[in-house]
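Please read through the structure below; I'll follow up with questions.
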Amino acid sequence: MKYFYIILVAAIPLFSGGLQASDKIKVVTTLPDLRTIVEQIGGDKVTAHAIARGYQDPHFVDAKPSFVLKLKQAELFAQIGLDLEIGWVPPLLETARNKKIYFGGSGYVDASKGIELLEIPTTDAAQLRSEGDIHIYGNPHYWLDPRNGKIIAKNMYEALSAAKPEFEALFRRNLEAFNARIDSAYTVWTQTIAPFKGSKIIAYHNSWPYFEKAFGIEIVDFIEPKPGIPPTPSHLISIIKRMKQENIKAIIISPYYDGKPARSVAKRSNAVVVEFAPSVGAFAEINTYFDLFNYNIKALTRALNK
C-alpha cells in the first residue's frame, strides 16, 4: 500500500497536466506555415503540430509512425491542398483512420479555400505530363503572398470556431488582430521593396508566382527547363546569356534544391544566388509567418542593391 500510494501521488501531476492538455484543440498541419497561423488564431486554446519541416521540399515528405499517432489524436487537420502534398498525405490519413479529419470530415481543413489561384492549367492531363511537374489545380505555393495569409487565417478561424463554439469570440478577436498585423507588415514590406519593383530575377523552381505578384518583382526564367526537370548544359548557357543581356542580378533558390547549377550560372553572369525561405523554419531565425517575409524581403533587397 505504501508503494502504491507513492506511485499514485507521483502520477497526479502528470495526470492533471494531461487533463489540461486535453481541453485544447489538437491540430495537425502539413506545413509549419499553417501551424504558426493556427496558433495565432487559436492562442492558448490549441496545441498544434506540423508534419513537414520548413527546410524540406513539401512535395516529398517521408511518412513516419509518429505522424500517424498525431493524426489519430487530432481534432483538426489542415493542409495546403491543390495536390502539393498528394504523395504523402493520403497514405497517412488512411493509416490513421481518423474519420473526423479525413477529406470532407468535420475536422478537415483545406487551407486553399477562397484563394485566388494562379497558373491554373488549361491543357489536358496527358499534355501536362510532358510539361514536367505541373499542378493540375493551379500553383499551390499561395502562402507566399502574405495577403493570402489572411484567407488561410479565416479558414482556421472557421474550423476552430466549429470545433469549440464557446471560444468563437476569442478566435474572432485573434483573427482581427492577425489581419491588422498582416496589413501593417505588408505596408512595410512593399515600401522596402518598392525601389526594386519590376526587377527581373531568375528562380530555380516555379515556387514564387504569389510572392512575385505580391511584391512587384518579375521572375523571367527558371534554372529548371521544366518544373522538376534537372537543367541541361544548353539550358544553363541560355540562362547565362539572358542574364547578361538583361542585366539580371539575382537567382532565388530554396534550400532543398541542388545549388550547384545556380551558383555556376551566377558566377558566369556576375549575379548573386539568394537562398530564399520557402516556409517557416527553413532557417533558424524564421519562427513565425511574419519572420518568413522579413527574411525574404531583406535577402532579396540586399542582393538587388549590390
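Quick one: how many residues across region 282-306 are surrounded by fewer than 23 Cβ atoms within 10 Å (Cβ to Cβ), small (Gly, Ala, Ser) and touching a residue at least 60 places away in the same chain (Cβ under 8 Å)?
Result for region 282-306: 0.
Yes/no per residue for (1) under 23 Å from Ile252 (Cα atoms); (2) assigned by TED's automatic domain parsing to the domain that holds Ile253; (3) modelled with pLDDT of 95 or more; (4) in contact with a His (Cβ under 8 Å, 6 or more places away or on another chain):
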site: Leu118; (1), (2), (3), (4): yes, no, yes, no
site: Gln127; (1), (2), (3), (4): no, no, no, no
site: Asp133; (1), (2), (3), (4): yes, no, no, yes
site: His141; (1), (2), (3), (4): yes, no, yes, no
site: Asp145; (1), (2), (3), (4): yes, no, yes, no
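With region 6-116 as the region, which strands (runs of 3 or more DSSP E) entirely inside it contain at least 2 residues that are among the aliphatic types (A, V, I, L, M), at pLDDT 95 or above and in contact with a strand residue (DSSP E or B) (Cβ under 9 Å, 6 or more places away or on another chain)?
Values: elements: 25-29, 46-50, 76-79, 108-110.
Of the strands (runs of 3 or more DSSP E) lying wholly inside region 6-116, those with at least 2 residues that are among the aliphatic types (A, V, I, L, M), at pLDDT 95 or above and in contact with a strand residue (DSSP E or B) (Cβ under 9 Å, 6 or more places away or on another chain) span 25-29, 46-50, 76-79.
Okay, next question. Restricting attention to region 205-228, which residues are within 23 Å of Glu116 (Cβ to Cβ) and hydrophobic (A, V, I, L, M, F, W, C)? Write out each step before concluding.
So the first thing to find is which residues in region 205-228 are within 23 Å of Glu116 (Cβ to Cβ), and the list is 205-220, 222, 227.
Result: Trp208, Phe211, Ala214, Phe215, Ile217, Ile219, Val220, Phe222.
The values are calculated or read from the model by the stated rules, or taken from the named source; none is laboratory data. No experiment lies behind these values; they were computed from the predicted model shown. We place every Cβ from the backbone using ideal geometry, glycine too, and count neighbours over all the protein chains shown.
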